[in-house]
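Student: Please see the structure below; I have some questions.
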Amino acid sequence: MRRLISSVLMPILAPSVLAADFANLERDIELINDSDADWFHVDIMDGVFVPNISFGVPVTEAIARHARKPLDVHLMIVQPEKYVETFAKAGAGIISVHWEACPHIHRTLSQIREAGCKAGVVLNPGTPVSVLEDVVQEADMVLLMSVNPGFGGQKFIENAVEKTARLKELILKRNASALIEIDGGVNLETGARLVKAGADVLVAGSFVFNAANPRQVIKELRALSK
């Protein structure tokens, strides 16, 4: 899942489709296809686990038909284990589920892998990384929310930088190989600090799609180094 360029480990960039123009979705998908971005980040919201509704399986399938890069699907829903196989069949390459929504997180991560996808676990801003002590070795990726989940364009929660560093320590302590992904309020300034703290994957939505030159913004984010 890591990508090396000129022997320097660069952050993986996953633009969030939630911030795309849904009236011109194919255009924005092609923009990402033709950019230096690595993944498509796809937020699935049910209006129950988070106070917003985004889109579901049909839109995910539509994105997958046109995407030439992996789909990083983030399930912000209750009982995500019921939909793992469905989203895997819809085209997900990575499926991440919230620790807060999964009473049997170990089983759900195994279920994601059995469906043929990489398995991620997500922590809300108020959830400490210590809850992953006994499961981090089972995850391919840990996604830290640096805003409260549900809406794009929110202000970055500063504690996310220190939390990223604590998670990196835990991963090393447990001899795990999970990537660290950060979602929320990512821009060049916050992104630089997060990468320095140990982040491997940056999710950027509004900062990319609202930019005058999204491709250039993507290039600059991917140029951040540890």
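Each reported figure results from applying straightforward, stated rules to the coordinates on display, with no laboratory input. Bear in mind that the values here come from a model prediction, so they are computed numbers and not experimental data. Note that each Cβ is placed from the backbone with ideal geometry, even for glycine, and that neighbours are counted across all protein chains shown.
Student: Among the GluC sites (Glu not before Pro) in the range 126-217, which ones are in a DSSP loop with at most 16 other Cβ atoms within 10 Å of the Cβ? Mind listing them?
Tutor: Here the sparse-neighbourhood loop sites are E133, E158.
Student: Karplus couplings for the range 187-198 from phi (6.51 cos²θ - 1.76 cosθ + 1.60, θ = phi - 60°), rounded to Hz, Gly and Pro as x?
Tutor: Per-residue couplings from phi come out as 9, 5, 6, 5, x, 4, 5, 5, 5, 4, 6, x Hz.
Student: Can you give me the long-range amide H partners of V186? Hydrogens built in the peptide plane at 1.01 Å from N, cutoff under 5 Å, separation of 5 or more residues or another chain.
Tutor: G205
Student: Among P80, P128, I171, whose Cα projects farthest towards the positive end of the dipole of the chain, with charges put on the beta-carbon of Lys, Arg (+1) and Asp, Glu (-1)?
Tutor: I171
Student: Let me ask something additional. 222 nm [θ] for the chain, helices only, -39500 (n - 2.57) per DSSP H run of 4+, per residue, to 500?
Tutor: Working: 8 runs with 74 residues, N = 226.
So the helix-based figure for the chain works out to -9500 deg cm²/dmol.
Student: Which trypsin sites (Lys or Arg not before Pro) does the range 1-96 hold that lie in a coil by DSSP with at most 14 other beta carbons within 10 Å?
Tutor: Those satisfying the criteria are R2, R3, R68.
Student: Could you check the spin-label model distance between R68 and E30? Points 7 Å from the Cα along Cα→Cβ, value in nm.
Tutor: Calculated label separation equals 1.1 nm.
Student: Need one number: nm distance between label points at E158 and Q137, each 7 Å from Cα along Cα→Cβ, rounded to one decimal.
Tutor: 3.7
Student: So what's the projected area for the range 83-224, the Cα convex hull averaged over all directions, in nm²?
Tutor: Mean projected area of the Cα convex hull: 8.6 nm².
Student: Using a Cα distance threshold of under 24 Å, what count of lysine pairs results for the range 10-221 when pairs must be 8 or more residues apart or interchain?
Tutor: 17
Student: Please report, in debye to the nearest 20, how large the charge dipole of the range 12-98 is about its Cα centre when each Lys and Arg carries +1 at its beta carbon and each Asp and Glu carries -1 there.
Tutor: Charge dipole of the range 12-98: 200 debye, to the nearest 20.
Student: Projecting each Cα onto the charge dipole of the chain (Lys/Arg +1, Asp/Glu -1 at the beta carbon, about the Cα centre), which of A119, A223, H98 comes out farthest on the positive side?
Tutor: Going by the Cα projections, it comes out as A223.
Student: Can you pull the three principal axis extents for the Cα set of the range 8-160, in Å, largest first?
Tutor: Here the Cα extents, ordered largest to smallest, are 42, 40, 36 Å.
Student: Read phi for every residue in the range 155-163 and hand back ³J(HN,Hα) as whole Hz from Karplus 6.51 cos²θ - 1.76 cosθ + 1.60, θ = phi - 60°, with x for Gly and Pro.
Tutor: Residue by residue, the range 155-163 yields 6, 4, 8, 4, 4, 4, 5, 5, 5 Hz.
Student: What dipole magnitude, in Debye to the nearest 20, does the chain give about its Cα centre under +1 on Lys/Arg Cβ and -1 on Asp/Glu Cβ?
Tutor: Magnitude of the dipole: close to 520 debye.
Student: Pop a pseudo-label 7 angstrom from the Cα along the beta-carbon direction at both K196 and K219 and give the gap in nm to one decimal.
Tutor: 2.5
Student: Then there is this: Given the options H41, H106, H98, which has the most mean-square fluctuation in a GNM of the chain, springs set between C-alpha atoms less than 10 angstrom apart?
Tutor: Checking each option, the largest mean-square fluctuation is seen for H106.
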